[in-house]
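K.L.:
There's a structure below that I have some questions on.
The values are calculated or read from the model by the stated rules, or taken from the named source; none is laboratory data. Here the structure is a predicted model, which is why all the values come from computation and not from measurement. In this analysis, Cβ positions are derived from the backbone assuming ideal geometry, glycine residues included, and neighbour counts consider all displayed protein chains.
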Amino acid sequence: MLYPPAPWKLQGYALATLQLVDVALVRPLVPSELEIVSLLPGKTLGCIYICSYGLGSVMEYNELIVVSAIANYAGKWGAWISHIYVDNPNSVAGGREIWGLPKELAEFSWEGSDSVKVAPLGYRVTVSQGNRQLCSLNYSKQSLALPLPLSGNVFSAHRSDLLLFKGEFQAHTGLIRGQLEIPEESLLASLNIGQPLLTVACENLHLIANTPEVVGNRSPQFSY
């Protein structure tokens, strides 16, 4: 497999939803060394992120990221990614070997245009593995967007190491309407992810996934 070293610089278009997730449901997916941060009693913050990285990226591919918790370790906060899917095998290899992310291959279908509306809100993206659909997001067209720079930490685990890396993000970001569908047969169904609190579209996206650093050790009992 061929993939570039970190950092990876990526450009494209993304959709992201934010929702509350039950801590009890995601606790088995998060290393025991990480404390899950509760925003409300028994609830942490989750995110579904679907992106198409295109021209100008170190590698072109589609991606689905499931953030199932916000976590804390030794005073450092970050997101925990429990599921991540791409449609490029080189991205799978790089994600696993550089960042320790559990990337798997999947298929992505983006539908809809200014002239053809394919969903109640106009547009739809579907992510599947073979005959099994993982999720689909119906969404509306972005009308108002503002330039928004953000950065945030992400935890991951590679062999016996707990890792932390920073993601840097710039995009023209705006609120849109979104309806998330997760079939019962989906590998994501056990998370019981509800409808988004909010959905945003990110145009002219520029994302940097920086080199990870080791911040601690992982218990050998934890199975990634």
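K.L.:
Return yes when ALA157 is closer than 18 Å to ILE48 by Cβ, among the aliphatic types (A, V, I, L, M), modelled with pLDDT of 95 or more and assigned to a strand (DSSP E or B) and no when it is not.
P.N.:
no
K.L.:
Still on this model: Mind listing whichever residues of region 15-63 are part of a helix (DSSP H, G or I) and either farther than 23 Å from GLN195 by Cβ or among the basic types (Lys, Arg) (or both)?
P.N.:
Those that are part of a helix (DSSP H, G or I) and either farther than 23 Å from GLN195 by Cβ or among the basic types (Lys, Arg) (or both): ARG27, PRO28.
K.L.:
Here is a follow-up. For region 28-57, how many residues meet the condition of being charged (D, E, K, R), surrounded by fewer than 17 Cβ atoms within 10 Å (Cβ to Cβ) and touching a residue at least 24 places away in the same chain (Cβ under 8 Å)?
P.N.:
1
K.L.:
In region 151-175, which residues are surrounded by fewer than 21 Cβ atoms within 10 Å (Cβ to Cβ), touching a residue at least 24 places away in the same chain (Cβ under 8 Å) and closer than 19 Å to LEU18 by Cα?
P.N.:
Matches in region 151-175: GLY152, ASN153, GLY167, GLU168, PHE169, GLN170, HIS172, GLY174, LEU175.
K.L.:
Have a look at SER190, SER113 and point out the one that is farther than 21 Å from ASP87 by Cα, without any contact (Cβ under 8 Å) to a residue 24 or more places away in the chain and of a type in the set (Ser, Thr, Tyr).
P.N.:
SER113
K.L.:
Let me ask you something else. Which of the following residues is more than 20 Å from the chain's Cα centre (by Cα), modelled with pLDDT of 95 or more and over 20 Å from LEU34 (Cβ atoms): LEU175, LEU205, LEU146, LEU197?
P.N.:
Numbers: LEU175 fails: more than 20 Å from the chain's Cα centre (by Cα); LEU205 fails: more than 20 Å from the chain's Cα centre (by Cα); LEU197 fails: more than 20 Å from the chain's Cα centre (by Cα).
On inspection, the qualifying residue turns out to be LEU146.
K.L.:
So which residues in region 134-154 are outside any loop (DSSP other than H, G, I, E, B) and either in contact with a His (Cβ under 6 Å, 6 or more places away or on another chain) or closer than 15 Å to GLN179 by Cα (or both)?
P.N.:
Across region 134-154, the qualifying residues are LEU134, CYS135, SER136, LEU137, ASN138, TYR139, PRO147.
K.L.:
Another question, then. Looking only at region 193-222, which residues are over 22 Å from GLY12 (Cα atoms), touching a residue at least 60 places away in the same chain (Cβ under 8 Å), in a strand (DSSP E or B) and not β-branched (Val, Ile, Thr)?
P.N.:
GLY216, ASN217
K.L.:
For region 88-102, indicate whether the set of residues that are part of a strand (DSSP E or B) and either of a type in the set (D, E, K, R) or at pLDDT 95 or above (or both) is non-empty.
P.N.:
For region 88-102, residues part of a strand (DSSP E or B) and either of a type in the set (D, E, K, R) or at pLDDT 95 or above (or both): absent.
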